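Novice: Below are the structure tokens for one structure; questions will follow.
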Amino acid sequence: MLKIYSPSGSEKQLADFLLEHMVARGFKASKDDVGNVIGQLGTEGPRILLCGHMDTVPGEIPIRHEDDLLYGRGSVDAKSSLAAMIAGSYLAMQRSSAPIRVTVAGVVEEEASSRGAHALISSGISYDLAVFGEPSGASNITIGYKGGVKLQVTFATSGGHSASPWVSKNSYEEAFMFWKAFKESLIDNDSPSKFSSITGCVTTAVAGDSTSNIPSQARLIIDLRIPPSIKTADMINRAEEFTGHYRKNLGGVRVEIKVNDQTEAYLAQEDSIAVRAFRWAIRNTMNCPVTLVKKTGTSDMNLFAQSTSMPMIAYGPGDSSLDHTENEHISIREYLSSVEIYASAIQHIASLAQKENSPSNVRKI
């Protein structure tokens, strides 16, 4: 999988590879209209969705194997997780005496538009629980992701010749001053609890089109990350109210704000069947404590949470601090442990459902 470069929008070759791989191992597999690969094992038992993404951020990394480490783009985020889902499901089906029904979805464009996840949600198929393939570390379970709001703020002034900077306000300087005030008023990057506070930064700043003109147009993209205690609508209202008050004190500057994207935060219950099954599998496989993790980023799990109440977690091997870096690599031992954990957790869920004699109501377990 690592040898097949698959940045967002270019997942077809990897999708074809995974389709062939899954069919050869007994999955009923196909590709949907947006390019997702969807493989199914079994027809009875609790409906388990394992959702991983095939795409990576741009930038190839030479594939190399050094001792226990395997380097390559996507080794952490998140091809190892998707591979573990496929291998773990296959092993669970071979070993389990209880009925298993698993859908493994390799989705497209998670790092961009989440087009694949949106298509999966729109299909209308329901599941009893879901696991999303993201690096948590083999002994950890991710139960929460912050939400996000992306804002675009534009600044317009009359401009003029750079030899007379006193004639017109400078849109770039106005953008800088706006950001400083916005940050001081609404953002708390210095808070000890990054998950429970509003954090954010400027990701794009564009201004000017000439080396001899005062910039008359400037644009900022602000990426805000918000905790589960705050809805995106509330955050947007705060930002718009701040901007409204801020522009009242300006002369010669037009300031406009709009929302480019928004995603609600998600926090799972710590005693859900998904958490308990993977906690059990990790302890049995690795004989170590299990940590429940809350992340400051977002994932496709956030999108599913807006349309379903099924139990959900994220799980996968790898150190997430290596995401999107030139040093991205995975421990092969950790990867193999995660394969076993996926297999054991799936078997455990199926076994619990069988004992309860209620496979379609696994959430009650």
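The values are calculated or read from the model by the stated rules, or taken from the named source; none is laboratory data. These numbers were taken from a predicted model, which means no experiment stands behind them. FYI the Cβ positions are ideal-geometry reconstructions off the backbone, even for glycines, and counts take in every protein chain you see.
Novice: Return yes or no: is Ala119 within 18 Å of the chain's Cα centre (by Cα) and not β-branched (Val, Ile, Thr)?
Specialist: Against the criterion (within 18 Å of the chain's Cα centre (by Cα) and not β-branched (Val, Ile, Thr)), Ala119 qualifies.
Novice: Follow-up. Among Ser168, Ser197, Ser216, which is touching a residue at least 24 places away in the same chain (Cβ under 8 Å), over 30 Å from Gln269 (Cβ atoms) and out of contact with any helix residue (DSSP H, G or I) (no Cβ under 9 Å at 6 or more places or on another chain)?
Specialist: The match here is Ser168.
Novice: In addition: Report, by residue number, each residue of the stretch 84-101 that is surrounded by fewer than 24 Cβ atoms within 10 Å (Cβ to Cβ) and of a type outside the set (D, E, K, R).
Specialist: Scanning the stretch 84-101 gives Ala87, Tyr90, Leu91, Met93, Gln94, Ser96, Ser97, Ala98, Pro99.
Novice: Can you tell me which residue in the stretch 198-253 is surrounded by the fewest Cβ atoms within 10 Å (Cβ to Cβ), limited to those that are β-branched (Val, Ile, Thr) and either part of a loop (DSSP other than H, G, I, E, B) or not assigned by TED's automatic domain parsing to the domain that holds Ser162 (or both)? Please lay out each step first, then the result.
Specialist: Within the stretch 198-253, the subset β-branched (Val, Ile, Thr) is 198-199, 202-204, 206, 211, 214, 221-222, 226, 230, 232, 236, 243, 253.
Next cut, either part of a loop (DSSP other than H, G, I, E, B) or not assigned by TED's automatic domain parsing to the domain that holds Ser162 (or both) only: 198, 211, 230, 253.
Working: Ile198: 20, Thr211: 6, Ile230: 19, Val253: 22.
Here the answer is Thr211.
Novice: Kindly evaluate Glu60 against the criterion of being farther than 20 Å from Gln94 by Cβ, acidic (Asp, Glu), surrounded by fewer than 15 Cβ atoms within 10 Å (Cβ to Cβ) and in contact (Cβ under 8 Å) with a residue 12 or more places away in the chain.
Specialist: On the way: farther than 20 Å from Gln94 by Cβ: yes; acidic (Asp, Glu): yes; surrounded by fewer than 15 Cβ atoms within 10 Å (Cβ to Cβ): yes; in contact (Cβ under 8 Å) with a residue 12 or more places away in the chain: yes.
In short, yes.
Novice: For residues that are over 14 Å from Ala83 (Cα atoms) and of a type outside the set (Asp, Glu), tally how many sit in the stretch 1-26. Don't jump to the end; show me each part of the working.
Specialist: So the first thing to find is which residues in the stretch 1-26 are over 14 Å from Ala83 (Cα atoms), and the list is 5-13, 16, 23-24, 26.
If we keep only those that are of a type outside the set (Asp, Glu) as well, we get 5-10, 12-13, 23-24, 26.
The total comes to 11.
Novice: Within the stretch 262-284, is there a residue that is hydroxyl-bearing (Ser, Thr, Tyr), in contact (Cβ under 8 Å) with a residue 24 or more places away in the chain and in a loop (DSSP other than H, G, I, E, B)?
Specialist: The answer is yes, given that some residue of the stretch 262-284 is hydroxyl-bearing (Ser, Thr, Tyr), in contact (Cβ under 8 Å) with a residue 24 or more places away in the chain and in a loop (DSSP other than H, G, I, E, B).
Okay, residues lined up against (1) modelled with pLDDT under 95; (2) in a loop (DSSP other than H, G, I, E, B); (3) assigned by TED's automatic domain parsing to the domain that holds Ala207:
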position	(1), (2), (3)
Tyr90	no, no, no
Gln94	no, no, no
Val102	no, no, no
Ala105	no, no, no
His118	no, no, no
Gly137	no, yes, no
Phe155	no, no, yes
Ser164	yes, yes, yes
Ser185	no, no, yes
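Novice: So Ile313 ticks every box in (1) among the hydrophobic types (A, V, I, L, M, F, W, C); (2) surrounded by 22 or more Cβ atoms within 10 Å (Cβ to Cβ); (3) farther than 15 Å from Asp128 by Cα but one. Which box is left unticked?
Specialist: (3)
Novice: May I ask you to say which residue of Ile282, Ile273 is surrounded by 19 or more Cβ atoms within 10 Å (Cβ to Cβ), in contact with a helix residue (DSSP H, G or I) (Cβ under 9 Å, 6 or more places away or on another chain) and either of a type in the set (D, E, K, R) or within 22 Å of Glu334 (Cβ to Cβ) (or both)? Break it down stepwise before answering.
Specialist: Details: Ile273 fails: either of a type in the set (D, E, K, R) or within 22 Å of Glu334 (Cβ to Cβ) (or both).
From the options Ile282, Ile273, the qualifying one is Ile282.
Novice: Just the residues that are within 15 Å of Tyr342 (Cβ to Cβ) and surrounded by fewer than 24 Cβ atoms within 10 Å (Cβ to Cβ), please, taken from the stretch 102-129.
Specialist: Thr103, Leu129 - these are the residues of the stretch 102-129 that are within 15 Å of Tyr342 (Cβ to Cβ) and surrounded by fewer than 24 Cβ atoms within 10 Å (Cβ to Cβ).
This table checks each residue for (1) on the phi > 0 side of the Ramachandran plot; (2) of a type in the set (Asp, Glu).
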position: Ser6; (1), (2): no, no
position: Asp16; (1), (2): no, yes
position: Leu19; (1), (2): no, no
position: Asp33; (1), (2): no, yes
position: Gly39; (1), (2): no, no
position: Gly42; (1), (2): yes, no
position: Pro46; (1), (2): no, no
position: Glu60; (1), (2): no, yes
position: Leu69; (1), (2): no, no
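Novice: Restricting the first residue to the stretch 239-253 and requiring it to be touching a residue at least 60 places away in the same chain (Cβ under 8 Å), which pairs with a second residue that is of a type in the set (Val, Ile, Thr) and part of a loop (DSSP other than H, G, I, E, B) meet a Cβ separation below 8 Å and a spacing of at least six or different chains?
Specialist: Pairs that qualify, where the first residue is touching a residue at least 60 places away in the same chain (Cβ under 8 Å) and the partner is of a type in the set (Val, Ile, Thr) and part of a loop (DSSP other than H, G, I, E, B), are Gly252/Thr157; Val253/Thr157.
Novice: Within the stretch 6-25, identify whether any single residue is in contact with a Lys or Arg (Cβ under 9 Å, 6 or more places away or on another chain), assigned by TED's automatic domain parsing to the domain that holds Leu91, under 15 Å from Asp323 (Cα atoms) and among the acidic types (Asp, Glu), and answer yes or no.
Specialist: no
Novice: Still on this structure, I have one more. Inside the stretch 25-64, can you point out the residues that are part of a strand (DSSP E or B) and over 22 Å from Ser136 (Cα atoms)?
Specialist: Let us first name the residues in the stretch 25-64 that are part of a strand (DSSP E or B), namely 28-31, 37-41, 47-53, 56, 64.
Answer for the stretch 25-64, where residues must be part of a strand (DSSP E or B) and over 22 Å from Ser136 (Cα atoms): Lys28, Ala29, Ser30, Lys31, Val37, Ile38, Gly39, Gln40, Leu41, Arg47, Arg64.
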